[in-house]
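Quick notes on the structure that follows.
All of the numbers you see were taken from the coordinates with simple rules; none came from a lab. Computed from a predicted model, the values in this text were never measured in an experiment. Glycine also receives a Cβ, built like all others from the backbone with ideal geometry; neighbour counts cover every protein chain displayed.
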Amino acid sequence: MANTTQKNIDKKRKSMRRRRRIKAFRLVFVLVILCLIGTAILFVGFSIYNAGSRVYSEFAEMYQGYTDRKTARVGSSDPKFDGYTNILILGVDDSERQEADTIFVLSFSNDTGKSRIIGIPRDTWISSRSNSGRIGTLYSWGGVNLIVREVSKLLGVPIHQYIIIDMATFAELIDTLGGLDIYVEENMDYDDEAAGLSIHIGQGYQHLSGEDVQKYLRYRGEKLGDVGRVQRQQKFIKALYAKVLQLDTIPKLPAIADIFRNRMDTSAEIFDSAHLANVLRKMSSDPPTTLMLPGSENVDGAWVPNIAEIEARIGELFPFQDIVIESVAGDADSEQFGE
């Protein structure tokens, strides 16, 4: 009886030791698994951190490059103009030199969507410490950044973006919109075999194709010369503005967007997309307010800016105080004008 009891006790002890070993093994196994999981989590977390750091570093580098390009283009920002988006539009000709034939600033009020257009004659004379010449020629030898800076100094307002369009792309854009209805103020008859230009458009209301609109804008009558051309450009912009706001333009927007994306040169980048989309979404249906750069034509055919009048008119268009325009015209009448 005693032997049986001792055997049972020994058996129970062995069973308890076995269970303790199994529990210890399970505990060790669980700890190993937890260590492996913890190591994996740390590895994944470290990898994500490194990837995130690389992405952030690349994004920061991209954004820094964007801000550097923007600063080089527009200079230091003026907080007075935070409520506006000012876009310089350059229409370049098809000549080998590719001069700026059409120059105007399109400005939007960010809150109201109201717009204003400032037309600048291509023969406007610029005479500053660093540059002298007709503003239309600056693009051919100084590039877009130069003309952006000179236009900004001339008007006393920052240029936030620019768009450059050549004549072929311009005509394609107008044709994509379905042409424009414009009142032609006089019979336009002009032939220049050397330039391959032949303009024949009758007076009155006309439905103009893209090629016809080009000719309408390029025509320079004997009466008003470059002034008349700027006035026609402003009339064209108003007609184009009204056309874009029509309902039948909506199905054409993908084609128009494709032209802007692939055929035009613009300073707008992905960082500007949200802001520009919001500005365009608020476009007012009211016609734009237009202004031709105040000045007068001198004996050499150059347009001499009237700085005092520019300050007054810009102050009306942008209701701020203390807008100061750097004198870019200089003593224009005393200079020798030429290309």
request  = Based on other C-beta atoms within 10 Å, arrange Val279, Val92 from fewest to most.
outcome  = Val279, Val92
ask   = Which links in Lys114/Lys153; Lys153/Lys252; Lys80/Lys252; Lys215/Lys238; Lys252/Lys282 stretch past 28 Å when you go from one Cα to the other?
value = Lys153/Lys252; Lys80/Lys252
Relative exposure of Ile174, Ile147, judged by other C-beta atoms within 10 Å (fewest first) = Ile174, Ile147
query = Can you sort Asp93, Asp265 so the residue with the fewest Cβ neighbours within 10 Å comes first?
reply = Asp265, Asp93
ask   = Amide H neighbours of Val184 under 5 Å, counting only residues 5+ apart in sequence or on other chains, H built in-plane at 1.01 Å?
value = Gly204, Tyr205, Gln206
